[in-house]
Amino acid sequence: MLDQSLQHARSSQQQYLEQLFDLLRIPSISTLPEHKPDIQQAADWLAADMKRIGLDNVKVMPTVGNPVVYGDWLHAGDEAPVVLVYGHYDVQPVDPLDLWESPPFEPVVRDGELYARGASDDKGQAFIHLKAVESLLGATGKLPVNVKIILEGEEEIGSPSLESFVLKNKELLAADNGLVSDGRILNADQPSIVYGLRGLTYMELRVRGPRRDLHSGTYGGSVHNPGQVVAEIISALHDDSGRITIPGFYDNVRPLTDTERDALASVPYTLEQWQAETGLSLPWGEGEYTLIERMSARPTCEVNGMWGGFQGEGGKTIIPAEAGAKVSMRLVPDQDPHRIASLFEEYVRQLAGSHVDIEVINHSAGWWAITPIDSPEMRAAAAAYKATWGVEPVFAREGGSIPIVATFQKELGAPVVLMGFGLDDNIHSPNEHFRVENFYRGIETVIRYYYNLVEQR
Ligand code: BES
Ligand code: ZN
């Protein structure tokens with residue numbers, strides 16, 4: 001049965017890839033309101049594919065925000081586990097557009113890499129799950145496990161509507177474990193399983209000074225310049241050793257145990273790989289933590305953007321009326337993303353002083369997640385990677401965030417396996433790509449995982 005399914009997947013590779021092209025052509029950018037119709041189109045496209053491959057109860061379900069696409073196949077019997085598969089069909093914006101070597105919504109394969117916005121994050125990886133199901137149903141007429149699939153359209157903006165959707169649909173989504181492919185493995189030859197994700201609190205600050213831009217000669221020296229205020233705030237967020245200075249920020253950070261530090265130390269991620277990925281030579285940050293600890297197991301505070309004043313060519317002598325910044329913080333166990341938002345706001349208000357007005361906005365607050373390594377589903381996942389790659393996967397933590405994972409674990413009691421197939425794919429950047437081989441290997445790994453899950457029982 002396994003062999004037939006794998007065979008079916010292999011002989012369908014080209015066709016599956018072409019289908020993915022169609023999905024990637026839809027510019028479903030969740031953060032830009034003008035793309036609402038594309039969001040709907042992507043949802044409808046996925047629902048149609050889910051119906052076609054033989055999933056039941058397929059529906060595009062409205063939420064407070066963008067729709068969730070749902071479909072299931074529940075004929076494997078009561079003995080078999082129910083797996084809840086999650087992915088997202090929304091994508092990041094494409095700017096700066098001029099840095100793309102080919103248009104972001106015109107997918108092409110170059111040197112074995114599929115280039116398009118969403119190729120890796122997450123349309124390509126979400127689609128792996130539909131194609132695994134299609135291969136299994138096509139080859140054998142059934143699945144070894146029960147499967148429920150939900151695909152959301154707001155992950156890239158922090159999944160603002162999904163938690164309440166999950167709470168309202170607990171019965172529909174009830175499952176024994178979760179399965180998410182929205183991340184990366186260590187490198188092309190070394191698979192890895194992520195057992196920890198960071199949380200994220202996203203803030204924006206808007207500093208307003210004079211009622212209009214002022215002549216900097218006439219008024220300079222008498223105004224607390226909003227641009228300067230933003231710079232003062234940002235420069236006060238870290239000390240010289242790379243530590244975050246927001247009072248109370250580290251209060252609930254669970255210290256890394258020696259066992260965990262040893263395990264992270266054995267993850268084969270090198271300085272050279274970091275240098276190649278970033279184009280930098282010297283890592284910055286907390287000196288007492290290793291590179292991999294800083295990147296995945298320590299909390300951070302990053303400026304995502306800052307603006308204000310004149311940015312055209314040449315000079316313009318003004319004091320800007322307004323300046324601002326977007327700042328987000330990656331969080332680790334046991335930090336509370338809502339408390340961090342309040343601590344940030346309090347500190348920033350104090351730093352802004354009393355000569356300007358400041359507005360502090362909390363855009364989103366998502367929880368970190370940890371999944372136990374020693375569980376039947378983790379063993380099933382490890383064996384699936386091993387069979388596909390021929391190499392035992394290592395366990396690693398991920399610096400990025402997938403807010404709904406914590407909700408699945410807490411509200412549905414379903415431990416989530418993070419089965420990523422991405423690499424250093426320029427996600428969120430120009431020239432996002434996904435290795436075609438990993439798309440195919442992903443499908444095979446998921447098929448094997450389902451069979452392994454049943455054996456582990
Ligand atoms: N796929 C990423 C998460 C990720 C990033 C996994 C890097 C592995 C490596 C996901 O789509 C994402 O970008 N999440 C956002 C969440 C945020 C908007 C709440 C993130 O991490 O910035
Ligand atoms: Zn993303």
Using a Förster distance of 51 angstrom, determine the FRET efficiency expected from the C-beta separation of Met61 and Glu302, and round it to 0.05. 0.90
Per residue convex hull volume, Cα only, the stretch 83-187, in Å³ is 145 Å³
Estimated FRET transfer efficiency when R0 is 51 angstrom, pair Asp239-Val391 (beta carbons, to 0.05): 0.80
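Could you tell me how many cubic angstrom of Cα convex hull volume the stretch 1-144 has per residue? Before the final figure, lay out the partial values.
Values: hull volume 16.2 nm³, N = 144.
Cα-based convex hull of the stretch 1-144, divided per residue, equals 112 Å³.
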Glu286 to Asp44: extension gain in nm, 0.36 nm per residue of separation minus the Cα-Cα distance? 82.5 nm
Between Asp78 and Ala265, with labels modelled 7 Å along Cα→Cβ, what's the label distance in nm to one decimal, could you check? 5.1 nm
Square roots of five times the C-alpha gyration tensor eigenvalues of the stretch 339-404, ordered largest first and given in whole Å, equal 45, 11, 9
What spacing in nm lies between the two simple spin-label points modelled at Asp374 and Gln311, each 7 Å away from Cα in the Cβ direction? 5.2 nm
In whole Å, what three semi-axes, largest first, describe the equivalent ellipsoid of the stretch 18-76 built from its Cα gyration tensor (square root of 5 times each eigenvalue)? 23, 15, 7
Quick one: 3J(HN,Hα) in Hz for the stretch 183-195, Karplus 6.51/-1.76/1.60 with θ = phi - 60°, rounded, Gly and Pro as x. x, 10, 9, 5, 7, 4, 9, 10, x, 9, 10, 7, 10
With no solvent and one equal point scatterer per Cα, compute the Debye intensity ratio I(q)/I(0) for the stretch 199-317 at 0.21, 0.22 Å⁻¹ and report its log10, rounded to two decimals. -1.29, -1.36
List, largest first, the extents of the alpha carbons of the stretch 323-457 along their principal axes, each in whole Å. 65, 37, 21
Hey, which of these cross-link pairs are over 22 Å Cα-Cα: Lys142/Lys170; Lys131/Lys170; Lys51/Lys131; Lys36/Lys123? Lys142/Lys170; Lys131/Lys170
The stretch 169-230: C-alpha gyration tensor shape, a/c 1.5 cut-off, then a/b vs b/c: prolate
Per-residue [θ]222 nm for the chain (sum of -39500 (n - 2.57) over DSSP H runs n ≥ 4, rounded to 500): -10500 deg cm²/dmol
Rounded to the nearest percent, how much of the accessible area of the chain (1.4 Å probe, protein heavy atoms only) is carbon and sulfur? 50 percent
Consider just the alpha-carbon atoms of the stretch 403-457 and return their Rg together with their Dmax, both in angstrom. 14.8, 44
For Leu84, distant residues with modelled amide H under 5 Å away: Lys148, Asp176, Asn177, Gly178, Leu179
Cα gyration tensor of the chain - equivalent ellipsoid semi-axes, whole Å, descending: 41, 24, 21
Scale the Cα Rg of the stretch 246-300 by the rule-of-thumb value 2.2 N^0.38 Å and send over the ratio, two decimals. 1.26
Computed over the chain, protein heavy atoms only, probe 1.4 angstrom, the accessible area per residue in square angstrom equals 43 Å²
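The values are calculated or read from the model by the stated rules, or taken from the named source; none is laboratory data. Note that the structure is predicted; figures quoted are calculated from it, not measured. Heads up, the Cβs are rebuilt from the backbone with ideal geometry, glycines too, and the neighbour counts pull from every protein chain shown. Calculation scope for accessible area: heavy atoms of the full protein, side chains included, ligands and nucleic acids excluded. Shrake-Rupley method; radii C 1.70, N 1.55, O 1.52, S 1.80 Å.
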